[in-house]
């Protein structure tokens, strides 16, 4: 098993990267999240990897951090969720956002991802809630926090901010001040973005 690869980027697209590692080019499938983090790097990069072996192919998947890789492994352990679906989910939302949605049984959040229906979303929640609850340091937020987060995120995306970056900022704000209201959260986010 290949745990990680370190090397220079030879070629990059939003869904894959070729990394030159001592003269050998490894084609690695990546999420949009990882693409956003590595697309501007000229120097050597390191990706955590998972080799997926099928009858017709051996595919290498790469992740910018271990939390994304762990979420990928959790997702593909669910019956009916393949590697491509897991990468699509990680492209749509961060590993932390997916963890929170699963821990909070947010079926609608998971259904909002292309290719995930109600049954698959429910299966993901049932299969992963206990695993993520034990291994995660993410605390389940109160319903009020979810409302503040959703409304703040909605306002920021309407103002034209990148959804993933806005989501990270809002989560950081809510962690540092759980009692904040929507108006204050938007003001704080605008200072940080």
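The values are calculated or read from the model by the stated rules, or taken from the named source; none is laboratory data. Please read these numbers as outputs of a predicted model, since none were measured by experiment. Cβ: placed from backbone, ideal geometry, glycine included. Neighbour counts: every protein chain shown.
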**Subset tally (residues that are over 17 Å from residue 48 (Cα atoms) and assigned to a loop (DSSP other than H, G, I, E, B)) for segment 85-107** = 4
**Prompt:** How many of the residues in segment 108-129 are more than 15 Å from residue 78 (Cα to Cα) and part of a helix (DSSP H, G or I)?
**Reply:** 3
**Message:** Every residue in segment 16-34 that is surrounded by 14 or more Cβ atoms within 10 Å (Cβ to Cβ) and under 19 Å from residue 88 (Cβ atoms), please.
**Reply:** 16, 17, 28, 29, 30, 31, 32, 33, 34
**Prompt:** Looking at 59, 47, 37, 66, which one is surrounded by fewer than 19 Cβ atoms within 10 Å (Cβ to Cβ), at pLDDT 90 or above, under 17 Å from the mean Cα position of the chain (by Cα) and farther than 20 Å from residue 126 by Cα?
**Reply:** 66
